[in-house]
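Bear in mind these aren't lab numbers, they're just calculated from the coordinates by the rules spelled out. Computed from a predicted structure; not experimentally measured. Positions of Cβ are generated from backbone atoms using ideal geometry, with glycine treated the same way; all protein chains shown enter the neighbour counts.
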Amino acid sequence: MHSRRVRTLLSILFGFAFLWLMGVSWVYPASAGGSEVTVTLTPVADAYVDEQQPNVNFGAQTELIVRNELPGSGPTRSYALLRFDLNVLPADISVLSATLHLTQKAGAGDALVSISALRSLGPWDENSVTWSTFPAAGGPVSVLHNIADAPQTEHVWDVTALVAAWVQGTYENHGFVLGMDPAADAARAFWSRESERNAPYLEIVYAPNATSPTSTPTPTNTPT
């Protein structure tokens with residue numbers, strides 16, 4: 001029995017050696033792609049801008065204020081800005097989901113408000129951005145409704161469409177802009193990346209793109 005297995009193994013080895021000498025190569029099926037991967041990113045920059053203080057930078061604060069208080073003594077809008085480094089992601093992937101997470105620090109005004117996560121249309125710097133200099137915002141838009149005045153509550157925006165567009169190169173990544181419903185009379189403060197706890201984060205689930213497989217190993221003659 002042992003000698004038969006040895007002869008069989010030797011026959012196989014001699015067969016492969018003969019094909020190699022004849023200049024025959026093999027094409028194997030490509031991998032169908034890996035499993036899903038989840039990554040969690042913290043911001044590389046965040047700040048808020050305030051319409052009442054148009055030339056003041058708030059990039060070093062431990063909070064991000066979003067508000068829209070109806071005019072009384074003057075304009076009182078504030079927007080939060082956050083940017084994440086997506087260059088840490090590998091090339092050639094499909095974004096399956098992406099969620100933006102912020103934890104509320106405090107609130108005032110209306111019991112329930114809506115806050116939208118939009119796309120920053122231009123670059124900004126955490127240490128210098130102000131109301132007077134921050135870029136405009138546009139879609140895709142993710143709206144989170146019914147944000148109550150409830151400190152230490154985590155709020156989550158589904159930003160899959162926007163993150164996928166950044167990864168695919170449809171838009172340049174300048175980060176998010178958070179703005180409140182213009183009909184609201186309220187303010188909400190969230191912990192920023194400078195806080196020692198509850199910093200914002202972006203959770204991304206992706207999968208490597210599969211390469212079209214070859215059906216079977218196929219010997220091909222290589223000219224000698």
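With Kirkwood's inverse mean 1/r over C-alpha pairs for Rh, give me the Rg to Rh ratio of the stretch 38-153, two decimals please.
Reported Rg/Rh (Cα atoms, Kirkwood Rh): 0.97.
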Response to the item:
Quick calc, residue 207 & residue 111: beta-carbon distance into FRET formula, R0 30 Å, rounding 0.05, result 0.15
Discussion item. Please report Rg (one decimal) and Dmax (integer) in Å for the Cα set of the stretch 146-203.
Written reply: 14.0, 37
Worksheet item: What's the exposure ranking of 126, 196, 154, going from fewest to most Cβ atoms within 10 Å?
Response: 196, 154, 126
Worksheet item: What list of whole percents do you get for P(r) of the stretch 85-213, with Cα-Cα distances grouped in 10 Å bins up to the one holding the largest distance?
Response: 12, 37, 37, 12, 3, 1
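If each residue of separation counts as 0.36 nm, what is the full-extension length gain between residue 168 and residue 60 once their alpha-carbon separation is subtracted? Before the final figure, lay out each step's value.
Working: separation 108, 0.36 × 108 = 38.88 nm, distance 3.14 nm.
Fully extending the segment from residue 168 to residue 60 adds 35.7 nm.
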Response to the item:
Nearest-0.05 FRET efficiency for residue 152 and residue 86 at R0 = 35 Å, using Cβ-Cβ distance, is 0.75
